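The structure appears right after this line, and notes come after that.
The values are calculated or read from the model by the stated rules, or taken from the named source; none is laboratory data. Keep in mind the model is a prediction, meaning the values are calculated, not measured. Ideal geometry is used to build each Cβ from the backbone, glycine not excepted, and the neighbour counts take in all protein chains shown. Note: areas computed on protein heavy atoms with side chains; ligands, DNA, RNA excluded. Shrake-Rupley method; radii C 1.70, N 1.55, O 1.52, S 1.80 Å.
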Amino acid sequence: MKGYIEIDQELCKGCQICMAFCPKDSISPSDKLNANGYLPVRFNSDGDCTGCATCAVVCPDVVIEVYRE
Amino acid sequence: MKKVYRRPKSLKRAAFHYCPGCGHSIIHRLLTEVFDEMNIQDRVIGIPPPGCSVFAYHYLDVDMAESAHGRGAAVATGLKRAYPDALVFTYQGDGDLAAIGTAETIHAANRGERITSIFINNAVYGMTGGQMAPTTLSNMKTTTTPYGRDTRLEGYPVRMSEMVALVKGAVYIERTAVNSPANIRKTKKAIRKAFQAQIDDLGYSLVEILSPCPTNWKMNPLESWQWVENEMTKEFPLGLIKDITREKDSTGKRDAD
């Protein structure tokens, strides 16, 4: 894994736009609601994320931080 | 591993009140990224609009002065003339800039005011509950056009950018969208160029941004992003509409025409 992302579970609104644009399918819906009642998304750490930051570019709520090697 | 993408410095750490999938917060982020990259955070004065983004000052960490409906360009004119060194931008929706503020916008552009307008076009009145806007597409259903917009009764969608491009004082006009990674990057470049035109003291600049409104279009976020691509761009083609920043002398003495 060349990169990873951190998703703020409390600020995510679960619009799933990042899931649609992730080229490696490394993001999936969480199974736990957050305090605002949204179903956020979570990062699959066993995927092959390259740290391309496409998810962060499209995220409407700026909840994603991207790390790369 | 090093951090390659973080929250922009000029964007306050507050939770956005926008609906999931809304384009407003993306545009807020792009604006703050441009402020950070150009290092102009302390020079910028913003004019937030009425509408969903009325609380833009909760998110953008720059000076802001709220304006009444449609008066953004007029308030910006006053601020720019009082503070010539400030970089003044208006953030306006289609009900604001294209309906009640048409006169202010066109005349501010015609006077060549050194201001930048960020025009958010989502083809509908968002905050008030999804009524028809001047930019609503033909046959599009809204709460006030439940059978679709009938152009014989309600007229045609207004292409504001093309109208403003006709006046001499406007130097940079581009239409972009925030519905894909590529378009979001293009939007950021356009915002940067618009502010550069103002820094170079050339004239009025406007960036029209097609923005998804999932709630009032009654779609899920991804469908609304695709709808911008498939339907809205037919009526509002993306691309550069006017750019005379190169021809125009920075002193403003030589007219581009």
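As an exercise: evaluate B:T90 against (1) surrounded by fewer than 20 Cβ atoms within 10 Å (Cβ to Cβ); (2) part of a strand (DSSP E or B); (3) not aliphatic (A, V, I, L, M) and give the number of the one condition it does not meet.
Here B:T90 clears every test but (1).
Could you list, in sequence order, the residues of the range B:67-103 that are more than 17 Å from B:V164 (Cβ to Cβ) and in contact with a Ser or Thr (Cβ under 6 Å, 6 or more places away or on another chain)?
The answer is B:V75, and nothing else.
Considering only the range B:1-39, state which residues are more than 7 Å from every other protein chain (Cβ to nearest Cβ), out of contact with any Leu (no Cβ under 8 Å at 6 or more places or on another chain) and among the β-branched types (V, I, T).
B:I27, B:V34, listed by residue number.
Here are B:E229, B:E235, B:E208, B:E247: which of them is open to solvent by 10 Å² or more (accessible area, probe 1.4 Å), away from chain A (no Cβ under 14 Å) and touching a residue at least 40 places away in the same chain (Cβ under 8 Å)?
Being open to solvent by 10 Å² or more (accessible area, probe 1.4 Å), away from chain A (no Cβ under 14 Å) and touching a residue at least 40 places away in the same chain (Cβ under 8 Å) holds for just one of B:E229, B:E235, B:E208, B:E247, which is B:E235.
Checking the conditions here, which among B:A170, B:A177 is touching a residue at least 40 places away in the same chain (Cβ under 8 Å), open to solvent by less than 30 Å² (accessible area, probe 1.4 Å) and over 21 Å from B:Q226 (Cα atoms)?
Just a single option satisfies the conditions, and that option is B:A170.
For B:A197, indicate whether it is in contact (Cβ under 8 Å) with a residue 40 or more places away in the chain and over 18 Å from B:G23 (Cβ atoms).
yes
Please give the helices (runs of 4 or more DSSP H) falling wholly within the range B:98-182 in which 2 or more residues are of a type in the set (G, A, S).
Filter on the range B:98-182 gives B:102-110, B:160-165.
Residues that are within 11 Å of another protein chain (Cβ to nearest Cβ) and either open to solvent by less than 20 Å² (accessible area, probe 1.4 Å) or of a type in the set (K, R) (or both): find the strands (runs of 3 or more DSSP E) completely inside chain A holding 2 or more of those.
A:3-7, A:64-68
Tally up the residues in the range B:53-73 that are assigned to a helix (DSSP H, G or I) and either among the aliphatic types (A, V, I, L, M) or surrounded by 24 or more Cβ atoms within 10 Å (Cβ to Cβ) (or both), please.
5
Yes or no: B:I120 under 27 Å from B:E229 (Cα atoms) and of a type in the set (V, I, T)?
Yes; evaluated as a whole, the condition is true for this residue.
Within the range B:1-48, can you find the residues that are open to solvent by 10 Å² or more (accessible area, probe 1.4 Å), aliphatic (A, V, I, L, M) and within 20 Å of the chain's Cα centre (by Cα)?
Within the range B:1-48, B:M38, B:I45 qualify.
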